Amino acid sequence: MTPLAALNHLLNFAAPAAALAVLLVLGCHLFMRNIAKTHDWVVPIAINFGVGCLALGVGLLLLGRDGRMLTYAALVLACASSQWLLLRAWRG
């Protein structure tokens, strides 16, 4: 595999995590303005992206293939949980 092909595979592997991280933070800023206005954009996107890539990597290791629906469900659950923790939403 050439380095360009390897980079393409890596970017396609991380693309769902990046899209979910951006959309999650954007949606939070649009729909939860009173909670989200104290937070920056870059840090939550980076944290959610990291958590999402970790969830995708664990899914790849456990299931042996990329793109399984169980892995994507774990991605959504992991990113939603990290966003919930970032916003300290348990306080109400």
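Read-outs: derived from the displayed coordinates by stated rules, not from any lab. On a predicted model such as this, the values are computed, not experimentally measured, just so you know. Every residue, glycine as well, gets a Cβ built from its backbone with ideal geometry; the counts of neighbours run over all protein chains shown.
Quick notes on this one:
- For Ala46 and Trp90, the FRET efficiency from 1/(1 + (r/R0)^6), where r spans their Cβ atoms and R0 equals 25 Å, is about 0.70.
- Cα-based helix-to-principal-axis angle, 42-63 vs the chain, degrees rounded to 10: 40 degrees
- Restricting segment 42-92 to trypsin sites (Lys or Arg not before Pro) in coil, as DSSP defines it, with at most 13 other Cβ within 10 Å: Arg65, Arg88
- The chain - Rg (one decimal) and Dmax (whole number), Cα, Å: 14.6, 51
- In terms of surrounding Cβ atoms within a 10 Å radius of their Cβ, His9, His29 rank from fewest to most as His9, His29.
- Segment 11-31 versus segment 33-92: alpha-carbon centroid distance in Å: 9 Å
- Per-residue ellipticity at 222 nm from helix content only, as computed over the chain with -39500 (n - 2.57) for each DSSP H run of at least four residues, stands at -27500 deg cm²/dmol.
- Extension gain, Phe31 back to Thr2 (0.36 nm per residue minus Cα-Cα distance, nm): 6.1 nm
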